[in-house]
Structure formats: structure tokens, C-alpha cells
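Undergrad: Below: one structure in C-alpha cells.
No value in this document is a laboratory result; all are computed from the given coordinates. These figures come from a predicted structure and were not determined experimentally. Methodologically, a virtual Cβ is constructed for each residue, glycine included, from the backbone with ideal geometry; neighbour enumeration extends over all protein chains shown.
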Amino acid sequence: MSPDRPHSYGSGIHPRSDPQEPAAMRYTALPRVRSIGAARAASTAAPAPGAAGGTAASGGGAAGGPRHIGRRIAVLAACGVLAVGCAKAGTAGTDSTDGNGGASSPVKVGLLYSKTGPLAAYGKQYLEGFKAGLDYATKGTGKVDGHPIEFVEQDDAGDPAKAVSGAKELIGKGYKILAGSTASGVALQVAPFAAQNKVLFISGPAAADKVTALNKYTFRSGRQSYQDTLTAASFVGDAKGKKVTVLAQDSAFGQANVAAVKAVLGKEGATVDAVLAPPSATDLTPFATQAKAAKPDLLFVAWAGETASALWTSLNQQDVFSSTRVVTGLDLAASYPLFGPAGEKISFLNHYFAGAAGTDIEKAMTEAVAKGGSKPDIFTPDGFTAAQMVVHAVEANKGSADDTAALVKALEGWSFDGVKGHLTVRAEDHALLQPMFQVRLTGSGAAAKPTVEKVLPAEQVAPPVLAMVG
């Protein structure tokens, strides 16, 4: 489940889901371009043979030679420079040439995500996952058919206006692939803009259901609120005649969760109501009291932000756990201690936690992230999966990102092994079908640790098929 702005998790503890607009962060120039292949080359003791950067410098010097050198010689010298280190287009990691015999052009990817702001912790996970996924999908080369995958980071600070401004800048500079969107509010603004400009957009942790089927150019590399809700529903059993209350913030995230619970459990015969708190509220006792007074059979908590710890304390003080079953999403690892004594009383649905999947790809991601001094967390797989999708789409088009329609076609219906297990990009509406987890949290404080109680297969938590809007 994703709050209004966060790619935040459907419940649990996250940075604020509906942050106020931070100080303006306008970009007059793009940040430094990042290239996995370039980084590897730079880290070696000597430049790679035939590296484009070195030969280009030489070519520049030759072009400025004495005027008495004939034009023909200059042209031949330039051709010689272009030919250095070139080979036929082939598999990922090999050098190749473009149609004019020149050095392989890079594939540019723009990452629009929360590098700063309330969702920066999530953004960091996404970025680390993307780097690990790019390394994995290109077999450590950072290239597809000889074309380096270069990405530039654009900080949207969780603000849709900044994200659209950044998207305009990137598209104006020729970027055909955009990825990121830590926040749902960002994704819902960037996706239509990307479609207007016929640019591939792979939304990340943003979980709002409206991102699915929004337009044919938009995909997602994470789960969506409906999948969270179906996971929560798995705790209920027969929903007929049951009363369900959703406790959430009054934001796009919270409202999306209410809508999803009504669509899932309401359809199965449950009565669904909601207690919504302003995202700015800090005294949460009144809302915990309202939730208890509703006397639900199941209290579904969809919360995001710094106030989550206060919320759980209020629910525990109001003795809500003794009168109803409480289900929420397990968020990032830093949030585990914040549940306090309530942690062992909650039924957790989960998108991902480090070690949850037990796959070989998860192991590869963990090792890659560890090399950077970090550990995987809830949204690290979203970045990893995004990189897998980028590489697959470009590889299917022989190292080119010029034909967006072809990139879209390559992703529609693609089924592949990811961090969490087997994933499928549903062709009809671009939903990402994936397994989800039922989780228990044991211990408290720094000792709190999650364990998987049940893996729900992708088909059990698949959202309904939607007609493509645009």
C-alpha cells in the first residue's frame, strides 16, 4: 500500500506519507551521470583498451594540428579514432558499433526518486537495489550489447511538482527511460507526463493502485496496495458478516487503502468503515479510541510517517489488541523497535524484508549491497527489479532505447526470476505479479526480528485485471 507521497509501505512505520513541500530544490544542470561500466573502468589500474574517453581526447588533439595537414589526413585520423576498440554488436558486456561505425552510444536512464526529504531512507534502498540489479542483469559489465547503461539521479524530494520538473529536464535532454518514484503522489504525476512524451516510465515503490493501467508507457517494479490488501485478507478467512475498520491517514495513500479494503473484503461480504487522521496529527489517542469504539473484527492499519511509533503506543494504551485482530504492513528494518510491546501482538503482511525470499537472486543482491556497506531492506528489491526491466527492454531492442513502443512490447507479458521469486509483468495492465508474505515479529527493541510464517503465491494476491486508461 502506498501513501499519497510515499512509495511507502501499506502500513507500519515509514517516513511521513504526506510531507509538506520542502524547500525548493531546482536544478540548473543535471547531476553527474553514473555509469556502472565507467565506474568499473575508472577503478582499474589502467584504462581499458580502446576506452572511448582516452581516444576521444587524442582525437581532439589531432583535430587541432597544424593547418598544413591536409583535410584528407584529418578525416582519416578521425576515422581511426572512431574505429579504436570497436566490435560487432553482440551480447551484454561486449563492445559494439552503431550503424555509422562509431563507438557504442550509451543508453540513458533517469532516476527520479527521493534522494532527500521525508522518504530519503526509502530512496536510498531503491538506489542501492538499482545499482545491484544493473550489475546483476548485465553480468557485471554495465552494458547491453556493448552500450553502457548510464543513469542520472534526479532528486524529487517526494514532491510531485519537482518530479515533473525533473522529468521535463531529462526528457528535454533525450532520456527515453525514466524510473524511480518513491512516492505515489509523484508516480501519479510523472506517469501521464511520460506518456505524453512517449517515454518509458518504470515506477518504483509507489504503491497506489491507480498507477496500474494508467497508460501503456507506465510499468511498476514494486507491489501495489491491492496486493497488500489481499495479503491482509488472508488473515481473515471467511469475511462474510465481519466488520473491518481501516485506520489510516487522510492522504492518497490512506484513501487508496480504504478503497482497496472495500474492494476486496467488502466484495466478500464484510462491512468496511474507516478512521482517517490528518497527516499532520501528532496526538493520535483520539483516533485509537475511535478505532476501538468501532469494535471491528479486524483493524487494518495503513500508516506512514514519523508518528507511527506514537500510533502503536496509543493503540496499546487503549488496549485495542485485546479486543480485535490488528493487521498492518511490516516496514523498513529501522521501524521494528518502534512497535514496542505491541509488535508481538500484530499480524504483519509484508512486501519484503532482508532474508524473506531465500532465492539465489536475493543472495546476489545482498552480496552486492553489502559491498557498498549496506543491507537490503523493504524497497531494495524494487530498485533491483527496475534495473532488470530496463536491461531486458534494451536487450530485446539490441542495445537501443530509441523505439519506446518496442521497449513497451518487450516488457508486456515478461515473466522472470527476481529477488522475491518468480515475477510477471501482466500484459493487459502492467501490474507486477509477485509473491507476498505473512510475517511475525518476535522480540522487542533492537532484538526485534521478522520471520516468514507463510508465502502467498503471486496468483493468490494478484489484483484484478484493469483496462488500460491511456
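Undergrad: In vacuum, with every alpha carbon of region 331-409 counted as one equal point scatterer, what does the Debye formula give for log10 I(q)/I(0) at q = 0.14, 0.26 Å⁻¹? Two decimals, please.
TA: -0.64, -1.15
Undergrad: Highest first, please rank the peptides 218-230, 409-421, 123-135 by the mean number of other Cβ atoms sitting within 10 Å of their residues.
TA: In decreasing order of mean packing, 218-230, 409-421, 123-135 become 218-230, 123-135, 409-421.
Undergrad: Still on this structure, I have one more. Using a Förster distance of 51 angstrom, determine the FRET efficiency expected from the C-beta separation of ALA293 and SER415, and round it to 0.05.
TA: On the way: r = 47 Å, r/R0 = 0.92.
The formula returns an efficiency of 0.65 here.
Undergrad: Modelling each spin label as a point 7 Å along the Cα-to-Cβ direction, I'd like the ALA396/GLU459 distance in nm, to one decimal.
TA: Result for the modelled spin labels: 2.3 nm.
Undergrad: Also, quick follow-up: FRET efficiency for GLU344 and GLN317, Cβ-Cβ distance as r, R0 = 25 Å, nearest 0.05? Show your work: numbers first, answer last.
TA: On the way: r = 16 Å, r/R0 = 0.66.
The computed FRET efficiency comes out at 0.95.
Undergrad: Here's a follow-up. Translational diffusion coefficient of region 143-196 at 4 °C, 1.567 mPa s, Stokes-Einstein with Kirkwood Rh over Cα pairs, in µm²/s as a whole number.
TA: On the way: Rh = 11.8 Å.
Approximately 110 µm²/s, per Stokes-Einstein.
Undergrad: What pairs from LYS262/LYS449; LYS131/LYS371; LYS131/LYS409; LYS124/LYS345 go past 21 Å between their alpha carbons? Mind showing how you got there, number by number?
TA: On the way: LYS262/LYS449 31 Å; LYS131/LYS371 11 Å; LYS131/LYS409 24 Å; LYS124/LYS345 30 Å.
Checking Cα-Cα distances, LYS262/LYS449; LYS131/LYS409; LYS124/LYS345 exceed 21 Å.
Undergrad: Separate question: Would you please state which residues of region 337-370 a label at SER309 would reach in this model, taking the label point 7 Å out along Cα→Cβ and a backbone N cut-off of under 20 Å?
TA: Residues passing the 20 Å test: 337-346.
Undergrad: How would you rank 233-239, 382-388, 344-350, highest first, on the average number of other Cβ atoms within 10 Å across their residues? Before the final figure, lay out each step's value.
TA: Values: 233-239: 16.0, 382-388: 29.4, 344-350: 21.9.
The packing order, highest mean first, is 382-388, 344-350, 233-239.
Undergrad: Ordered by packing density, taken as the mean number of other Cβ atoms within 10 Å over each peptide's residues, highest first, how do 395-403, 459-467 rank?
TA: Numbers: 395-403: 17.7, 459-467: 15.0.
Descending mean neighbour count gives 395-403, 459-467.
Undergrad: Taking 0.36 nm per residue of separation and subtracting the Cα-Cα distance, what length does fully extending LYS240 through ALA334 add?
TA: Values: separation 94, 0.36 × 94 = 33.84 nm, distance 3.65 nm.
Separation in residues times 0.36 nm, less the Cα-Cα distance, equals 30.2 nm.
Undergrad: Nearest 0.05, what FRET efficiency do ALA405 and LYS139 give at R0 = 35 Å with Cβ-Cβ as r?
TA: Details: r = 27 Å, r/R0 = 0.78.
About 0.80, to the nearest 0.05.
Undergrad: Working out 0.36 nm times the residue gap between ARG325 and ALA427, then minus their Cα-Cα distance, what length gain in nm do you get to one decimal? Please report the intermediate quantities before stating the final value.
TA: On the way: separation 102, 0.36 × 102 = 36.72 nm, distance 3.67 nm.
Result for the pair: 33.1 nm of gain on full extension.
Undergrad: Note the full-extension length gain between THR451 and ALA161 as 0.36 nm times their separation in residues minus their Cα-Cα distance, in nm to one decimal.
TA: Here the answer is 100.5 nm.
Undergrad: Once label points are set 7 Å from the Cα along Cα→Cβ at both SER444 and ALA354, what is their separation, rounded to one decimal in nm?
TA: With each label placed 7 Å out from Cα toward Cβ, I get 2.4 nm.
Undergrad: Could I ask something else about it? For the pair LYS168 and ASP273, how long in nm is the line joining their label points, each one 7 Å along Cα→Cβ?
TA: Going from the LYS168 label point to the ASP273 one covers 4.6 nm.
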